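Colleague: Quick one: the structure is below, and I'll ask about it shortly.
Any read-out appearing in this document is the output of simple, stated calculations on the displayed coordinates, not a laboratory observation. Everything numeric in this text was worked out from a predicted model, so none of it was measured. All Cβ positions, even for glycine, are placed from backbone atoms using ideal geometry, and neighbour counts span all protein chains on display.
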Amino acid sequence: MTVNAPETRIVTTNRIACDGGAGGHPRVWLQIPADKGFVECGYCDCKYILKGFEDKV
């Protein structure tokens with residue numbers, strides 16, 4: 001069985017909404033902590049990285 005890696009998206013704002021794409025899960029709002037520069041969705045494991053932190057994550 002092959003498991004696809006979680007998606008990674010570069011974003012320009014600290015607060016983002018995730019619905020898993022095409023209604024994959026309920027819409028949740030995520031807040032990227034300023035000290036970490038990224039957050040992961042608890043439903044689909046998509047990682048959202050704040051622009052400028054790509055090399056630090």
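Colleague: Applying the selection to region 25-44, what residues are surrounded by 13 or more Cβ atoms within 10 Å (Cβ to Cβ) and of a type outside the set (A, V, I, L, M)?
Modeller: Narrowing region 25-44 to residues surrounded by 13 or more Cβ atoms within 10 Å (Cβ to Cβ): 25, 28, 30, 32, 37-41, 43-44.
25, 37, 38, 40, 41, 43, 44, listed by residue number.
Colleague: Next up: Quickly run through region 5-20 and pick out the residues that are closer than 24 Å to residue 55 by Cβ and assigned to a loop (DSSP other than H, G, I, E, B). Walk me through it before giving the result.
Modeller: So in region 5-20, the residues closer than 24 Å to residue 55 by Cβ come out as 5-16, 18.
Within region 5-20, 5, 6, 7, 12, 13, 14 qualify.
Colleague: Hey, another quick one. Filter region 21-57 down to residues that are part of a strand (DSSP E or B) and of a type in the set (Val, Ile, Thr) and give me whichever is farthest from residue 9 (Cα to Cα).
Modeller: Filtering first and then ranking leaves 28.
Colleague: Separate question: Taking region 1-44, which residues are touching a residue at least 24 places away in the same chain (Cβ under 8 Å) and at positive phi?
Modeller: If the condition is that a residue be touching a residue at least 24 places away in the same chain (Cβ under 8 Å) and at positive phi, then 20 is the only one that fits.
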